[in-house]
Amino acid sequence: MATFQAPKGTYDLIPPYSAKYLAVRDAISGPLRLSGYGYVETPGFEDVDLFARGVGESTDIVTKEMYTLTTKGGANLALRPEGTASVLRAALEANLHKAGGLPVKLWYSGSYYRYERPQKGRYRHFSQVGAEAIGAEDPALDAELIILADQAYRSLGLRNFRILLNSLGDKECRPVYREALQSFLSGLDLDAETVRRAEINPLRVLDDKRADVQKQLVGAPVLRDYLCDACKAYHEEVRALITAAGVAFEDDEKLVRGLDYYTRTTFEFVHDGLGSQSAVGGGGRYDGLSEMIGGPALPSVGWALGVDRTVLALEAEGVELDIPASTSVFAVALGEAKPVLFGLVTELRRAGVAADISYGGKGLKGAMKDANRSGARFAIVAGDRDLAEGVVQLKDMESGEQSPVALTDVVEVLRTKLA
Ligand code: ATP
Ligand code: MG
């Protein structure tokens, strides 16, 4: 017998566990749907250059983590490693930025692929829900997104997460800082790859997790000291709006994110119960990205929250999501009653009641086992004699009580009891 397993670094979502993922996606997208964000869906793969240019040639995502392929027709594609570049590409292609008022607010949910070293919280196939507000420079927009993510996590019952906030400056002040940092880094004892990184994107060296690198970074110039007045004022306004909304955050001047396109506001959501894979989500402003991929100037801001790590965070906090049983009513047909009960189950489903029935010609004992396993609140049991009398037996699966109900009333009675 040939047996296959899910590819390394991937896992399957299986019931009942998979229900948590649906609940998390709903919880994250809920606040967005109430805030003017429209749903967008883009292909699972794109032209590899979209990511190379958009995400950045020096990033881990592009240099190490992309799944690339050449099609039979010779096109160079990559499985999408993140959502922002694709969503912006789609918005530009559909001319959404010309259609009406800006910003264009979009949300998405889907699978992303990165060739990473698999470990808890780090997979080669993972799932994100994201949001992008395209085409407006307004601190209220940055604040809105941070507040909505906070609302989403709180609605799930998460408490032990923190919001880290920083400003990366803009095209006026960042180059000055970049030069200062570069000259600081050039005096350090770094390996060849890190030296190369320091040349392409020195800010990312600050993000290096290795202790020997971090040790040398003590005393490095800090971006905050280099922010221009416009960036400072912008950042203060973002901070004030988040504070006024009662959302707590921590200023983290060392926060630089792993993608090249960020400008000004950057933030990350971290959960303290997750060990080293502590980031559950992140985002920021990317005012230059549109131009980098050939579009007009469209200052934008967005985030992506990881569904996998959010589920792990819920487990770390011991939060049990309130997920209703998938079946409310289970039908057990005896003798010749199957067609009638099958019809009743169809009727219940059409009336919006979650209903199921025993399949495979089981006897009373086996069918009742199915009813128990389904988690249904009520069972309807009927045999030939019941039907002859025009009734079914309605069994309360919690109390065990059973009483006859007229066939014609069952749907209404159940709807009332379950309401
Ligand atoms: P990390 O620093 O942990 O590698 P990142 O900066 O690469 O994270 P982003 O690109 O900002 O992550 O993606 C946003 C969110 O998507 C992360 O906070 C995380 O929850 C999730 N995520 C990213 N990569 C993975 C992965 N390989 N497996 C599971 N979730 C991931
Ligand atoms: Mg990463």
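The values are calculated or read from the model by the stated rules, or taken from the named source; none is laboratory data. Given the structure is predicted, the values throughout are model-derived calculations rather than measurements. Using ideal geometry, Cβ is built from the backbone for each residue, glycine included, and neighbour counts are taken over all protein chains shown. Ligands, DNA and RNA are excluded from the accessible area calculation, which covers all protein heavy atoms including side chains. Shrake-Rupley method; radii C 1.70, N 1.55, O 1.52, S 1.80 Å.
Being in contact (Cβ under 8 Å) with a residue 60 or more places away in the chain, farther than 30 Å from I147 by Cβ and either within 14 Å of ligand 2 (Cβ to nearest atom) or of a type in the set (S, T, N, Q) (or both) is the filter here; which residues of segment 34-76 pass it? Listed by number, the list holds a single entry, S58. Among the residues of segment 48-62, those that are over 23 Å from the mean Cα position of the chain (by Cα) and either assigned to a loop (DSSP other than H, G, I, E, B) or surrounded by fewer than 16 Cβ atoms within 10 Å (Cβ to Cβ) (or both) comprise D49, E57, S58.
Within segment 239-260, the set of residues being of a type in the set (V, I, T) and out of contact with any Phe, Trp or Tyr (no Cβ under 9 Å at 6 or more places or on another chain) comprises just one member, V247.
The single residue among V280, V238 that is within 16 Å of ligand 1 (Cβ to nearest atom), in the same structural domain as A90 (by TED's automatic domain parsing) and among the hydrophobic types (A, V, I, L, M, F, W, C) turns out to be V280. Listed by first and then second residue, the pairs linking a residue in segment 91-116 that is in the same structural domain as P81 (by TED's automatic domain parsing) and outside any loop (DSSP other than H, G, I, E, B) to a residue that is among the aromatic types (F, W, Y) and open to solvent by 40 Å² or more (accessible area, probe 1.4 Å), with Cβ atoms under 9 Å apart and 6 or more places separating them unless they lie on different chains, are L106/Y39; W107/Y39; Y108/Y39; S109/Y39; Y113/F45; Y113/Y67. Part of a strand (DSSP E or B) and among the charged types (D, E, K, R): is that true of E82 in this structure? Against the criterion (part of a strand (DSSP E or B) and among the charged types (D, E, K, R)), E82 does not qualify.
Of the strands (runs of 3 or more DSSP E) lying entirely inside segment 323-419, those carrying at least 2 residues that are open to solvent by 20 Å² or more (accessible area, probe 1.4 Å) are 391-396, 402-406.
Looking at V129, is it within 16 Å of ligand 1 (Cβ to nearest atom), open to solvent by less than 40 Å² (accessible area, probe 1.4 Å) and in a helix (DSSP H, G or I)? Let's see the steps before the verdict.
Details: within 16 Å of ligand 1 (Cβ to nearest atom): yes; open to solvent by less than 40 Å² (accessible area, probe 1.4 Å): yes; in a helix (DSSP H, G or I): no.
It is false that V129 is within 16 Å of ligand 1 (Cβ to nearest atom), open to solvent by less than 40 Å² (accessible area, probe 1.4 Å) and in a helix (DSSP H, G or I).
When we screen N166, N160 for residues that are under 21 Å from Q277 (Cα atoms), assigned by TED's automatic domain parsing to the domain that holds G282 and touching a Ser or Thr at 6+ places or on another chain (Cβ under 6 Å), the only hit is N166. Filter segment 63-79 down to residues that are part of a strand (DSSP E or B) and within 16 Å of ligand 1 (Cβ to nearest atom) and give me whichever is nearest to Y112 (Cα to Cα). Looking at the filtered set, the residue picked out is L79. Of all the listed residues (L88, L79, L102, L96), the sole one being away from ligand 2 (no atom under 14 Å from the Cβ) and open to solvent by less than 40 Å² (accessible area, probe 1.4 Å) is L88.
Within segment 209-259, the set of residues being open to solvent by 60 Å² or more (accessible area, probe 1.4 Å), part of a loop (DSSP other than H, G, I, E, B) and within 26 Å of A149 (Cα to Cα) comprises K209, G246, A248, E253, K254.
When segment 260-315 is examined, which residues are found to be in contact (Cβ under 8 Å) with a residue 24 or more places away in the chain, open to solvent by 20 Å² or more (accessible area, probe 1.4 Å) and part of a helix (DSSP H, G or I)? Listed by number, the residues that qualify are M292, R309, L312.
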